[in-house]
Amino acid sequence: MKKNRIRRLYIADYLITPDHIIRNGAVLCENSKIIAVGGVSGFNLNENIEIFEFENSYITPGFIDTHIHGAGGFDCSQVVDSVNPIEAMSVMLGERGATGFFPTVVADEPQKMIANLRALIGEMKKTLPGADAIGINIEGPFLNPEKSGAQPKPFLQKIDLGFAADLIAAGEGLVKVMTFAPELEHADKLISLLRERNVIASMGHSLAGEQETLRAISAGANHCTHLFNGMNPLHQRQVGLPGIVLTDDRVTVELIIDGRHVHSRMVDLACRCKPLRQIIGISDGTMASGMPDGEYHIGPSTIIVKDGFSQNSAGKLAGTTTMMDAGWHSLMSCGHLPETKAAQAVTCNPASHFGFADRGELLPGKRADLAVFERNSNRPLMTVRNGETIYRAKDL
């Protein structure tokens, strides 16, 4: 049966494509695809088009959060025992302008990690009501215990290639990235395994020095997990992981954009050092994102959220509660990026780096994934995923 042709036109004060700004712009979608983008005066507003015209607004591609542990009460590392379902996370992210995300899991007992990944795959196969779960991010367990962060040290381990293969297999082809510490023995073999399975090898939670980092990059590690967090600080004589990835254009870096994990001047430094296509903004959000203050967890670790600030029992930062709609503006205020470049970090950069060529841009032929925001307040007004409205502000 031939599918009905449904055309929708979205009009705003300006579009962030994100390569450039289009003033008085419009995006024309037909079913699940964008078919035209440009100034509104170039469109024929006929009766066969459903028109959404927003005052005092702008449109971006839908956000893609590639490192997020949970939201809306759902914890990606404890799927079986999570109080709320993945649908709650999906809806919460959709309400904040996200159209795609990578559920991110942390270290746990080996069999629990495998069981959780299998359960997570079952959840991801559903048709979700909000943002799509489009890949899996495995953060651990092959991390340096001295840089464990909020992850429990008892569950961190030496590199085990058999277990790594089991984790990837449990993800049924959806594992997109795995974090490891480059200084661990057999790191080169793990990188080879990850590359063979089309998984990006990401360096993080590490005390790697110059040579260990360079060896990992030469072996194929081309990603750095939350730059500056979970690694040694910059040093004028002892160059380690952060100093190398800042200056090596083979590596794409994540930045947590909550305004707390990374000092504003360090955000500025990263934005000055790295080619802007190699900066990916992430939330590092937890199940507490969008929830009231209280006690939550990241996998087996308990976290306490007070005034929106997330810590573990030892007082260490433990993920965030800041989502993309608020966070990406820190790349402008702290990194001094123009609006277009800041938007790239949360849209087309993750899409390109992780192989989602049909997402992340407002261009003809791309998926109809877009988010509409109110100017000045940046309040989300509407989110469209694959041509369908997944969020609409109540006052519209």
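The values are calculated or read from the model by the stated rules, or taken from the named source; none is laboratory data. Everything numeric here is computed off the predicted structure, so don't read it as measured data. Ideal geometry is used to build each Cβ from the backbone, glycine not excepted, and the neighbour counts take in all protein chains shown. For accessibility, only protein heavy atoms count, side chains too; no ligands or nucleic acids. Shrake-Rupley method; radii C 1.70, N 1.55, O 1.52, S 1.80 Å.
Just to confirm my numbers, what's the Cα centroid distance between region 153-196 and region 213-248 in Å?
Computed from Cα coordinates, the inter-centre distance equals 18 Å.
Choose one of Thr321, Gly308, Ile256: the residue whose Cα lies farthest towards the positive end of the charge dipole of region 254-327 (beta-carbon charges +1 Lys, Arg; -1 Asp, Glu; about the Cα centre).
Farthest along the dipole direction, towards plus: Ile256.
Could you work out what % of the accessible surface of the chain is carbon and sulfur, using a 1.4 angstrom probe and leaving DNA, RNA and ligands out of the count? If you can, show how the numbers build up before the last one.
Working: 7550 of 16180 Å².
The computed percentage sits at 47.
Can you give me the Cα centroid spacing of region 106-133 and region 11-58 in angstrom?
36
Might you work out the accessible area of Met324 for me, using a 1.4 Å probe with all protein chains in place, and round it to the nearest 10 Å²?
Per-residue accessible area (Met324): approximately 10 Å².
Using the crude model of +1 on Lys and Arg Cβ and -1 on Asp and Glu Cβ, and no other charge, please compute the dipole size for the chain relative to its Cα centre, in debye to 20.
Details: 38 positive and 44 negative charges, 135 e Å.
Once rounded to the nearest 20, the dipole reads 660 debye.
Helix-derived [θ] at 222 nm for the chain: sum -39500 (n - 2.57) over DSSP H runs of at least 4, divide by residue count, nearest 500?
Details: 11 runs with 91 residues, N = 396.
So the helix-based figure for the chain works out to -6500 deg cm²/dmol.
Given a 1.4 angstrom probe, what's the average accessible area per residue across region 318-396, in square angstrom? Write down the numbers at each step before the final one.
Details: 2900 Å² over 79 residues.
Result: 37 Å² per residue.
Which lysines, on any chain, are close to Lys126 with Cα under 25 Å apart, when same-chain ones fewer than 8 places away are left out?
In chain and number order, the partners are Lys2, Lys3, Lys33, Lys112, Lys176, Lys366.
Which FRET efficiency value, to the nearest 0.05, is calculated for Asn376 and Asn4 with the Förster distance at 35 angstrom and r the Cβ-Cβ distance? Show your work: numbers first, answer last.
Values: r = 38 Å, r/R0 = 1.08.
In this case the efficiency is close to 0.40.
Heavy atoms only, probe 1.4 angstrom, no DNA, RNA or ligands counted: give me Lys274, Lys112 ranked by accessible area, highest first.
Values: Lys274 10, Lys112 110 Å².
Result, largest first: Lys112, Lys274.
Using the heavy atoms of the protein chains and a 1.4 angstrom probe, tell me the accessible area per residue for region 138-215 in square angstrom. List each step's numbers first, then the result.
Working: 3240 Å² over 78 residues.
Result: 41 Å² per residue.
Rounded to the nearest 0.05, what FRET efficiency do His336 and Lys33 give with R0 = 45 Å and r taken as the Cβ-Cβ distance? Could you check?
On the way: r = 35 Å, r/R0 = 0.78.
So, using R0 = 45 Å, E works out to roughly 0.80.
Can you give the accessible area per residue of region 42-125, in Å², using a 1.4 Å probe?
Numbers: 3090 Å² over 84 residues.
Per-residue accessible area for region 42-125 comes out at 37 Å².
DSSP loop (so not H, G, I, E, B), at most 16 other Cβ within 10 Å: list which GluC sites (Glu not before Pro) in region 154-206 pass both filters. Before the final figure, lay out the partial values.
Details: sites: Glu172, Glu183, Glu185, Glu196; in loops: Glu172, Glu183, Glu185.
Passing sites in region 154-206 are Glu172, Glu185.
Across all directions of projection, what mean area in square nanometres is found for the Cα convex hull of region 203-320?
Numbers: hull surface 32.2 nm².
Average projection, Cα convex hull of region 203-320: 8.1 nm².
Regarding the chain, what whole-number volume in Å³ per residue does the convex hull of its Cα atoms give? Intermediate values should be presented prior to the final figure.
Working: hull volume 54.4 nm³, N = 396.
Normalising the Cα hull of the chain by residue number yields 137 Å³.
When the Kirkwood radius is taken over all Cα pairs of region 230-383, what Stokes-Einstein diffusion coefficient follows at 20 °C and 1.002 mPa s, in µm²/s? Could the numbers behind the result be given before it?
Working: Rh = 17.0 Å.
D = 126 µm²/s.
Amide H neighbours of Ile303 under 5 Å, at least 5 residues apart or on other chains, H built in the peptide plane: list them.
Tyr296, His297, Ile298
What do you get when you divide the Cα radius of gyration of region 103-237 by 2.2 N^0.38 Å, with N the number of residues?
Numbers: Rg = 14.8 Å, N = 135, 2.2 N^0.38 = 14.2 Å.
Here the Cα radius of gyration is 1.04 times the empirical estimate.
Distance from the Cα centre of region 289-315 to that of region 69-86, in angstrom?
Taking the Cα centre of each part, region 289-315 and region 69-86 sit 14 Å apart.
To the nearest 0.05, what FRET efficiency results for Arg215 and Asp166 with a Förster distance of 25 Å applied to their C-beta separation? Show your work: numbers first, answer last.
Values: r = 25 Å, r/R0 = 1.01.
After rounding, the FRET efficiency stands at 0.50.
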